[in-house]
Amino acid sequence: MFKIRKNEIEYENKSLRLPIDLIAEVQELANENDISFNKVVIQCIRYALDHMEQASEK
């Protein structure tokens, strides 16, 4: 299950273009949990990668 965390990690800058509705949804989640938009995005990506189907499982 996805759970918001407030841990610190080392960062590198990378620009992304995201749909406006997705930005609003992520920002709302960040506000509700009193963490940055960036931290929510990182955690969502990590969760997706950790729970992605492997090619052999398809």
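Where a number appears in this text, it was derived from the coordinates with a stated rule and is not lab data. None of these values were measured; they are calculated from a predicted model. Note that each Cβ is placed from the backbone with ideal geometry, even for glycine, and that neighbours are counted across all protein chains shown.
Using a simple spin-label model with pseudo-atoms 7 Å out from Cα toward Cβ, Ile45 and Phe2 lie 1.4 nm apart. Among the GluC sites (Glu not before Pro) in the chain, those located in a DSSP loop and surrounded by at most 16 other Cβ atoms within 10 Å of their own Cβ are Glu8, Glu10, Glu12, Glu53. In the chain, what chymotrypsin sites (Phe, Trp or Tyr not before Pro) fall in a loop by DSSP, with at most 15 other Cβ atoms inside 10 Å? The qualifying sites are Phe2, Tyr11. Rounded to the nearest 20 Debye, what is the dipole magnitude of the chain about its Cα centre when Lys and Arg each give +1 and Asp and Glu each give -1 at the C-beta? Here the size comes out at about 100 debye. Exposure proxy for Lys14, Lys6: other Cβ atoms within 10 Å of each Cβ, ordered fewest to most, give Lys14, Lys6.
Residues Val40, Val26 in ascending order of nearby Cβ atoms (within 10 Å, fewest first): Val26, Val40.
Using just the C-alpha positions of the chain as equal point scatterers, what log10 of I(q)/I(0) does the Debye formula give at each q in 0.25, 0.29, 0.31 1/Å? Debye output, listed in q order: -1.15, -1.31, -1.37. Helices in the chain, meaning DSSP H runs of at least 4 residues, each add -39500 (n - 2.57). Divided by all residues, the mean residue ellipticity at 222 nm is -15500 deg cm²/dmol.
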